[in-house]
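For reference, the structure is listed below as structure tokens.
The values are calculated or read from the model by the stated rules, or taken from the named source; none is laboratory data. All values reported here derive from a predicted model rather than from experimental measurement. Neighbour counts run over all protein chains shown; Cβ positions are idealised from the backbone, glycine included.
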Amino acid sequence: MSPKKKKFTMTIPSHPEQIQVVEQKAENLSKKIPFSPDERDSLAIAITEVVANAIFHGNKEAKDKKIFITFIVDDTFLEVRVRDQGGGFKLDQVANPLHPENLLKDSGRGIFIIRTLMDKVEYKFHKDGTEVIMVKSHDPSSEN
């Protein structure tokens, strides 16, 4: 890891009220990067979605399972890694929320939202859970 990069970790229980705790930590760390208000909003929404997915879909709110979060901060980006202890899923079997039959559904937009708001999103499937790696880079042109 380069000298500019700093790494922060946290472990949370699979409880919905923890979503706000993670979002607040990300907001504090994002202040180290000159993100625009829109970039900060995108980051907050994506983090809320990925942590909610880990709690509700990955760990299914199991009290004995944890969510592991790693933040890597640089001058120009924030990387967030969220790993649950769930059974995983097949990414290619997630319904497209833009298809007409899915437009009015109450759920199923999280992955789409995350991919839309973040600059890089990667899914890693481990035998002991799913890890989502997201990167939000600062766009200097957004400062104007």
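Output the residues belonging to the stretch 78-87 that are outside any strand (DSSP E or B) and either crowded, with 21+ Cβ neighbours inside 10 Å or modelled with pLDDT under 95 (or both). Steps first, answer last, please.
Our first condition is that a residue be outside any strand (DSSP E or B); within the stretch 78-87, this holds for 84-87.
If the condition is that a residue be outside any strand (DSSP E or B) and either crowded, with 21+ Cβ neighbours inside 10 Å or modelled with pLDDT under 95 (or both), then 84, 86, 87 are the ones that fit.
For the stretch 14-45, enumerate the residues that are within 17 Å of residue 130 (Cβ to Cβ) and outside any helix (DSSP H, G or I).
Listed by number, the list holds a single entry, 14.
Answer with yes or no whether residue 4 is farther than 17 Å from residue 133 by Cβ, touching a residue at least 24 places away in the same chain (Cβ under 8 Å) and surrounded by fewer than 19 Cβ atoms within 10 Å (Cβ to Cβ).
Numbers: farther than 17 Å from residue 133 by Cβ: yes; touching a residue at least 24 places away in the same chain (Cβ under 8 Å): yes; surrounded by fewer than 19 Cβ atoms within 10 Å (Cβ to Cβ): yes.
Here the answer is yes, as residue 4 does meet what is asked.
Please indicate, with yes or no, whether at least one residue in the stretch 70-77 is assigned to a loop (DSSP other than H, G, I, E, B) and at pLDDT 95 or above. Don't jump to the end; show me each part of the working.
Kept after step one, since they are assigned to a loop (DSSP other than H, G, I, E, B), are these residues of the stretch 70-77: 74-76.
Now drop any that are not at pLDDT 95 or above, which leaves none.
No - not one qualifying residue is present in the stretch 70-77.
Only one of these is outside any helix (DSSP H, G or I) and modelled with pLDDT of 90 or more: 130, 48. Name it. Spell out how you get there, then give the answer.
Numbers: 48 fails: outside any helix (DSSP H, G or I).
Result: 130 is the single residue among 130, 48 that is outside any helix (DSSP H, G or I) and modelled with pLDDT of 90 or more.
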